Structure formats: structure tokens, C-alpha cells
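Written out below as C-alpha cells is the structure these notes cover.
The values are calculated or read from the model by the stated rules, or taken from the named source; none is laboratory data. Predicted model, so just to flag it, every value in this text is computed and none were measured. All Cβ positions, glycine included, derive from the backbone under ideal geometry; neighbour counts span all protein chains shown.
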Amino acid sequence: MDSNLALNRTMAEDSVTRLYPVILKVPSHLQQLKGREKVAALSAVARRAMAASAILSRVDLPSVLEKDNRGAPCPVGSIHWSLTHKSAWAGAVVAPGPAGIDLETIRPFHPGLPKKVAMEEEWRLADGDRNRLLFRYWTAKEAVLKASGTGLRGLDHCRIVSVQGPGCTVVRFEKRSWTVYHLYFDGQVAAITAPGGPIRWTILDLPDPPP
Ligand SMILES: CC(C)(COP(=O)(O)OP(=O)(O)OC[C@H]1O[C@@H](n2cnc3c(N)ncnc32)[C@H](O)[C@@H]1OP(=O)(O)O)[C@@H](O)C(=O)NCCC(=O)NCCS
């Protein structure tokens with residue numbers, strides 16, 4: 001086989017099987033914004049993460065990405081995408097099939113929250129740090145609800161069915177098992193579900209503009 005052709009094939013196979021989620025630290029001047037202005041700024045940071053994930057995955061995405069009437073990302077051809085933006089961090093991933101990504105700060109929570117996030121039988125699957133577990137379960141379910149396009153209204157039908165070490169959670173939703181992978185960093189937990197792997201996470205600081 002022609003050596004260039006062989007190289008191109010390797011790159012193409014690599015780009016559709018590996019996942020390259022990118023997480024960006026939101027610059028502090030954007031974290032200080034309020035209301036709609038802040039949401040728009042965070043959403044734009046998440047789209048920068050998306051552009052970076054596309055470059056690493058060697059796929060071309062249009063500059064404007066469409067969403068459906070549920071707010072769910074519309075795939076671009078065979079390329080799916082998902083993003084998340086929280087006050088201090090934003091992340092995104094492109095993938096060769098339905099994908100969901102979510103991020104949360106591991107923090108103290110209201111005593112009523114565990115009942116909303118999972119049932120007793122789900123909590124019995126794991127022990128250890130309760131804050132970490134709560135946000136692990138929460139991000140795992142949100143990632144699945146994003147990958148399915150359902151959004152939070154599907155939360156009551158999502159069940160954690162297996163907790164495998166710190167990095168893998170299996171969620172049952174709509175008669176399907178979804179494997180979710182986690183990353184813990186700087187007091188945050190990220191969750192991703194998508195076909196393909198292994199997952200190569202990238203975490204970067206976006207600098208503030210000079211004064
Ligand atoms: C999807 C959802 C779980 C996101 O939760 P969140 O923790 O508040 O927000 P995150 O920052 O993690 O994610 C936001 C991103 O999720 C994506 N998103 C929104 N709705 C989505 C859906 N139904 N499925 C998949 N992804 C969705 C969007 O890309 C959004 O970012 P953007 O607005 O900048 O494009 C939640 O917003 C939700 O349930 N939305 C659906 C609301 C709905 O059903 N609306 C009906 C139409 S009126």
C-alpha cells in the first residue's frame with residue numbers, strides 16, 4: 001500500500017475512535033459578569049473548547065452549530081457534539097455518535113438534593129465521599145440526558161446501575177445502558193458518554209486579557 005495512503009487511513013481511524021474532550025478555565029474577567037451577558041460569555045468559551053476538540057479530532061465543524069427545538073445539538077453529518085458551561089469551567093467534545101458532557105464543582109449540597117438525584121438503591125452502589133459521589137451521579141445522568149437529547153426532564157427515568165472504580169459509571173436510560181467516564185480535577189468532576197475511546201482529556205487555562 002502507498003505509504004501516504006496508509007498514513008491517511010491511520011489518521012482517519014484514529015480521529016473517529018479517540019475522543020478529545022477539551023475543558024477550558026473561564027478567564028476571571030468573564031466569571032465576574034452577570035445574568036445573560038455571563039451566560040453568553042460562558043457559552044462562547046464552551047464553543048472555543050468545541051473548536052479545540054474538533055481540531056484535536058481532525059474534523060471540520062461549521063462556525064455556527066445548530067440546535068433542535070429541545071435545545072439539543074444537531075449533528076453535523078456523522079459528527080455529534082456536546083458542551084457544558086459552568087461559572088469557572090467550560091467543556092466540549094465532538095464524537096462519532098451521540099455524546100454528552102457535563103461538569104460540576106464538587107461542593108456541599110442541600111440535604112434534599114440526594115433524593116432528587118438518585119434513589120436509595122442507587123446510593124447503595126457506592127460509598128466514600130458523599131459530595132464527590134453526589135456530583136459524580138449528577139454529572140453522569142446529565143451527560144446521558146444530553147447524549148439522548150432529552151434534557152433534565154428525563155432525570156426521573158435515569159438509573160445508576162453500576163459504579164466501577166472512581167472513573168466509570170453505568171447509567172440505564174430508555175432501555176439502554178450508557179457508560180460514562182469521569183475526570184476529577186481542581187475540585188471539579190467531569191462526565192462524558194460517547195461512542196469511541198480511549199478518552200484524551202485536555203484542560204487549559206484561558207488567560208485574562210492584559211490590563
Ligand atoms: C440540557 C440541560 C440538562 C443542560 O444543563 P445545565 O447543567 O443547565 O447546562 P450545561 O452548561 O451543562 O449545558 C448547556 C448546554 O447543553 C446543551 N443542551 C441544551 N439542551 C439540551 C438537550 N435537550 N439535549 C442535549 N444538550 C442540550 C446546549 O448546548 C447548552 O449550551 P448552549 O445553550 O450554550 O448551546 C438542561 O439545560 C435541560 O434540561 N435543558 C432542556 C430544557 C428543555 O427541555 N427545553 C425545552 C424547549 S423549550
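Which ones in segment 37-88 are out of contact with any helix residue (DSSP H, G or I) (no Cβ under 6 Å at 6 or more places or on another chain), near the ligand (Cβ under 7 Å from one of its atoms) and hydrophobic (A, V, I, L, M, F, W, C)?
Of everything in segment 37-88, those that are out of contact with any helix residue (DSSP H, G or I) (no Cβ under 6 Å at 6 or more places or on another chain), near the ligand (Cβ under 7 Å from one of its atoms) and hydrophobic (A, V, I, L, M, F, W, C) turn out to be ALA46, ALA72.
Search segment 62-78 for residues that are farther than 16 Å from SER148 by Cα and pair each with any residue that is within 11 Å of the ligand (Cβ to nearest atom) and basic (Lys, Arg) when their beta-carbon atoms are under 8 Å apart and the residues are at least 6 apart or on different chains.
Partner pairs satisfying both residue conditions: LEU65/ARG47.
Could you look through segment 89-117, keep only residues that are part of a loop (DSSP other than H, G, I, E, B) and closer than 21 Å to TYR181 by Cα, and pick out the one that is farthest from the ligand (Cβ to nearest atom)?
This residue is PRO96.
Can you pull out every residue in segment 139-180 that is charged (D, E, K, R) and within 10 Å of the ligand (Cβ to nearest atom)?
Within segment 139-180, LYS141, GLU142, LYS146, ARG153 meet the criteria.
Need at least 2 residues that are modelled with pLDDT of 95 or more, hydrophobic (A, V, I, L, M, F, W, C) and crowded, with 18+ Cβ neighbours inside 10 Å per element, so show me which helices (runs of 4 or more DSSP H) inside segment 2-79 make the cut, counting only ones lying wholly within it.
So the answer is 35-57.
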